[in-house]
Amino acid sequence: MFEDGSIFNQLLVERLNYFIYVVLLLIGLWAMIAKNNLIKKLIGMSIFQTAIILFYVSIGVKEGATIPIYLPEHDPHGSHAQLDSNQTDLLSHGAKVLEASAVPNYTNPLPHVLMLTAIVVGVATLGLALSVCLRIYRGYGTVEEDELLEKLEREDSRKAGGSNKRRPRRRTPANKGGTAGQSKRGQTTEKTKSDKPTPRRRQASKSRTKTNGPAKEQPKSSNKENDKTKPVKRRRPAKKPKEDES
Amino acid sequence: MKKAAFILILCIGLLLAWAAKDFPSWGDPQSPASSSPVASHFIANTGVDTEVPNMVTAVLADYRGFDTMFETVVVFIAGLAVFSILRGGPKNRTRDREFVVDFEPDLIVTNTVRLIVPVIQIFALYVLAHGHVSPGGGFQGGVAMGASFILIALSWDLKTALARFPIERCFTVAALGIVIYAGIGLLSLFLGGEFLDYAHLAKIFPVSPEMARYHAMLGVEIGVGFTVTAIMFALYASLSTDGRMRDGL
């Protein structure tokens, strides 16, 4: 199976780097296409980027060559130090064009240069994408793609109805399964019709079905007071299903 | 949908694997990338053109200087965009529900960071200043420097870090970095060369044209380092607080 010339030998032994790059690229592409969560899509984008960087760096590898920094015998300043005793002219010291026999001693600097800038720009674009995700979460209360599309659709039909006031809602554990699973396009018309009371109703059902909160349901006011007095530790309370003033 | 995506990805994977069989094998010195005339030119002539031993820096800051300048501008614009995306727009709803972060900075962590941050910063400056003789450069040094400020923010809180490096100053420093880079380019333009043709700086500095390129590369790298340091910290500060620049992590 792994004898010389077979496809497995060519792909998995001689060209393992390309195989790994293909696998990483596919993982990233899969995450970008098939995942529903925008953050997971971004993770996929980063994996994709890593695959490309690995590809570039691995084609820069050269057998028997060193990194693209001059060795002391080729270093313009290394030889300068050697000749300093009898060389006073600044222009005629050290540096000369490397002879052709020495060129194979160094790897190609270009892939490293290109990837150096690609990594930094990758960080910048990732930060930008994350900030857009944060804004989406702030406005719509979700980073799940299908819920987002549903909300956008609902907002569009509401705009057509006249009122264009946006009412973002936080995503809570209570309605997590429900919105993703059942309430698809079929319910949108019903929701737009009875739009006003929707949040309150949902909130009521939320507090009824809440099971993973504190052991006993407390009255609203005391719960709020509790939040203020109790020193909350590093974990943020914002993601908890808190009472919505709207 | 997922099935279609899976089939698509399977097809792409098979095509890529099939194409990979024609690629040069690992480390082949005869591969197109390793034997290209451009690569040989850079390897042979960097020393005589610029006197810089580190070819990567020479290609980055001199041969491809225009490209690197705009990479820096991209980083700057990304930082600015993150800041304004999170700051502006409709009312930030997280404002009404303040994140309550009430915790004591850990004694062991803060003291370790107190010891380690100066070392990180010195190392960052070393990486920056020796970028043209040894591995390193503006991007790497800048990231290390920015990481030291992020470390302060993580071990105390963001307020402590912002007291040392306010967000307004972040953008001033970032812009200053680009001004340094473009200024060196413009200076060589005014001295009769082309934009970013550092050799013409030898007309006003008492060095040979090659050494002028050597030193101009250091200046350019310092500009890059400024921008990257400031933008890394600005990205962290914006993203960790949802743009409010207080509390947060």
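Tabulated results
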| quantity | calculated |
| --- | --- |
| Some residue of segment A:21-33 being more than 7 Å from chain B (Cβ to nearest Cβ), open to solvent by less than 50 Å² (accessible area, probe 1.4 Å), without any contact (Cβ under 8 Å) to a residue 40 or more places away in the chain and not in a helix (DSSP H, G or I) | no |
| Members of segment A:96-127 found to be of a type outside the set (A, V, I, L, M, F, W, C) and either under 18 Å from A:Thr66 (Cα atoms) or more than 8 Å from chain B (Cβ to nearest Cβ) (or both), listed by number | A:Glu99, A:Ser101, A:Pro104, A:Asn105, A:Tyr106, A:Thr107, A:Asn108, A:Pro109, A:Pro111, A:His112, A:Gly122 |
| Search result, residues across segment B:230-245 that are open to solvent by 10 Å² or more (accessible area, probe 1.4 Å) and more than 12 Å from every other protein chain (Cβ to nearest Cβ) | B:Met245 |
| Matching helices (runs of 4 or more DSSP H) fully within segment B:1-95 where at least 2 residues are more than 30 Å from B:Ala182 (Cβ to Cβ) and of a type outside the set (Phe, Trp, Tyr) | B:2-20, B:32-35, B:37-50 |
| Subset of segment B:185-229 [within 11 Å of chain A (Cβ to nearest Cβ) and small (Gly, Ala, Ser)] | B:Ala202, B:Ser208 |
| Any hit, segment A:29-44, residues being closer than 29 Å to B:Met55 by Cα and of a type in the set (A, V, I, L, M, F, W, C) | no |
| Selection status of B:Leu162, surrounded by fewer than 19 Cβ atoms within 10 Å (Cβ to Cβ), touching a helix residue (DSSP H, G or I) at 6+ places or on another chain (Cβ under 9 Å), of a type in the set (A, V, I, L, M) and more than 23 Å from A:Val113 (Cβ to Cβ) | no |
| Exclusive hit being of a type in the set (Phe, Trp, Tyr) and either under 16 Å from B:Tyr63 (Cβ atoms) or touching a Ser or Thr at 6+ places or on another chain (Cβ under 6 Å) (or both), set B:Tyr236, B:Tyr198 | B:Tyr198 |
| Those residues of segment B:1-36 which are more than 19 Å from A:Leu11 (Cβ to Cβ), facing chain A (nearest Cβ under 8 Å) and of a type in the set (D, E, K, R), in sequence order | B:Lys2 |
| Residue list for segment A:119-139, restricted to those being open to solvent by 20 Å² or more (accessible area, probe 1.4 Å) and out of contact with any Asp or Glu (no Cβ under 8 Å at 6 or more places or on another chain) | A:Ile119, A:Val123, A:Thr125, A:Leu126, A:Leu128, A:Ala129, A:Leu130, A:Val132, A:Arg135, A:Ile136, A:Tyr137 |
| Enumeration of residues in segment B:52-66 that are open to solvent by 10 Å² or more (accessible area, probe 1.4 Å) and either touching a residue at least 60 places away in the same chain (Cβ under 8 Å) or more than 7 Å from chain A (Cβ to nearest Cβ) (or both) | B:Val56, B:Asp62, B:Tyr63, B:Phe66 |
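The values are calculated or read from the model by the stated rules, or taken from the named source; none is laboratory data. All of these numbers come straight from a predicted model, not from anything done at the bench. All Cβ positions, glycine included, derive from the backbone under ideal geometry; neighbour counts span all protein chains shown. Ligands, DNA and RNA are stripped out before the accessible areas are found, and what is left, the full protein with its side chains, is counted by its heavy atoms. Shrake-Rupley method; radii C 1.70, N 1.55, O 1.52, S 1.80 Å.
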